[in-house]
1. How would you classify the range 29-177 from its alpha-carbon gyration tensor, with a ≥ b ≥ c the square roots of the eigenvalues: rounded for a/c under 1.5, else prolate if a/b is greater than b/c, otherwise oblate?
2. In whole Hz, what ³J(HN,Hα) sequence does the range 266-277 give by Karplus (6.51, -1.76, 1.60; θ = phi - 60°), x for Gly and Pro?
3. Near the amide H of ILE313, under 5 Å away, which other amide H atoms are found, from residues 5 or more places off or on another chain, if H is placed in the peptide plane?
4. Would you kindly state how much longer the chain becomes between ARG377 and GLU105 on full extension, computed as 0.36 nm times their sequence separation minus their alpha carbon distance, in nm to one decimal?
5. Convert each backbone phi in the range 433-441 into a coupling constant with the Karplus relation 6.51 cos²θ - 1.76 cosθ + 1.60 (shift: θ = phi - 60°), then list the ³J(HN,Hα) values in order as whole Hz, x for Gly and Pro.
6. Any idea what the relative contact order of the range 6-165 is, in percent, if you count C-alpha pairs under 8 Å spaced at least 6 apart?
7. Counting helices only, and only those DSSP H runs with n ≥ 4, report the 222 nm mean residue ellipticity of the chain as the sum of -39,500 (n - 2.57) divided by its residues, in deg cm²/dmol to the nearest 500.
8. Filter LYS191/LYS349; LYS260/LYS349; LYS289/LYS428; LYS5/LYS349; LYS191/LYS260 down to the pairs with a C-alpha to C-alpha distance above 29 Å, please.
Amino acid sequence: MALDKPYLDVPGTTIFDAEQSRKGYWLNQFCMSLMQAENRTRFKADEDAYLATWPMTAEQKAAVRARDLNWMMRTGGNIYFLSKLGATDGLSFQQMAGSMTGMTEEAYRAMMLAGGRSPEGNRVLGEGGNAQGPMSMSSAWKEWEAAHGQMALADAVQNAHAQAAQGQAHITASVFTSHVPAIGAAIDHGKTGDDYWKPLFQGYEYSKQWMQGHLPDVIFLVYNDHATSFDLGVIPTFAIGTAAEFEPADEGYGPRPVPKVQGHPDLAAHIAQSVIQQDFDLTLVNTLKVDHGLTVPLSLMFGQPEHWPCQVIPFHVNVVQYPVPSGQRCFQLGQAIRRAVESYDRPLKVQIWGTGGMSHQLQGPRAGLINAEWDNRFLDRLIADPADLATMPHIDYVREAGSEGIELVMWLIARGAMADVAGGPAPKLAHRFFHVPASNTAVGHLILENRND
Ligand SMILES: O=C(O)c1ccc(O)c(O)c1
């Protein structure tokens, strides 16, 4: 991965980044479970039986049994999570930290009393400080390494060879579409041929064919969660799904009968790292059920397959509770996402989708508002001059496109990721469609292809 990780050469230090978090997900979740007295009792009564209920790796379990914090951190543990295990064993934070240094408890305490460890000689690997020695290892870890280390090395070498011959990921196209739940229900209940729905689904016939010839490896799917996975307890502005799998949510009608969504944890973690380094504050989400905002666009573009034909990275934008991000911020974020994708050194074809909108209002006496003229102007400007469109303030969306029309800011994320925004050629307009109504909503749809793909 071509990412800036300057912290990798800090001696005796493991920075808990998205990659570590992904490795350590279940180990850390297991540790959190020990915050409940009942679980601590079960764990203490029979460690192996309790560990057997957690889908951690055999190595993580061995590291837990050995109570080797350095080993647990190597396999993805984070000290604040691991401390719950230490607390269960009755250890203080000082005892836990000291146990990782190779010093006795008394020597570590004495060092702290004398003013703590000096950063001198301990800023960069290879200096002469007192944190530069080999990491302290329990005998259990040493035995594990002896048994498995050679295999791990062989795997690493093989991976390095496989990676070396590959190229960079790139964005091939962007797809824009509304995501009305009634469209999903029409598909799920076999109503796509009804008089009401036929004209809408005809508008996606070309798209399904297009998709056959332009299937990406990964879709970066920008949508908004509709009070499904995120309640009012936590309101992330931008959240990226870094899990391996996302189940369709039950929004009150039962989960849609659609396949589970397979994520791309490695690319998602890479994008998170890169985009946050570009000063966008993303929330990383490892537990996420996906609602109609994500599944309806997939159904429109792929129909009803047994498995979705590519991996999908869900990207949620808060457009439910104000303040919501500006069009400008979304447009800039799209540019950051393109840079992130292009710095991923595997030759993946990535599509970016912007979903939600067009004009609609689902609330109050103004419910049912549709502004077809404004919507079509939005499509024109999105195609031809997205930078100018991005300057439009929120209030214009609300006044002109209805309160829920604000979802359209998400389209600017996908548009910002296209090559022309970074000085490349203008995209090819492969398809444009507009229809009123689907339930309470005007439906818009575009496919833009990056040229040279
Ligand atoms: O038109 C509708 O019914 C409708 C309902 C919920 C949504 O999230 C939406 O975008 C549209």
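1. Oblate is the answer for the range 29-177, as a/c is 1.5 or above yet b/c matches or exceeds a/b.
2. My calculation for the range 266-277 gives 5, 5, 4, 5, 4, 5, 4, 4, 5, 5, 5, 5 Hz in order.
3. Close amide H contacts, sequence-distant or interchain: ILE219, PHE220, LEU221.
4. This chain segment gains 90.9 nm when fully extended.
5. So the J values, rounded to whole Hz, are 8, 9, 8, 9, x, 10, 6, 9, 10.
6. Details: 135 pairs, mean separation 43.9, N = 160.
Relative CO of the range 6-165 lands at 27 percent.
7. One gets -12500 deg cm²/dmol as the mean residue ellipticity at 222 nm.
8. LYS191/LYS349; LYS289/LYS428
Bear in mind that the values in this text are calculations on the coordinates, not laboratory data. Bear in mind that the values here come from a model prediction, so they are computed numbers and not experimental data. We place every Cβ from the backbone using ideal geometry, glycine too, and count neighbours over all the protein chains shown.
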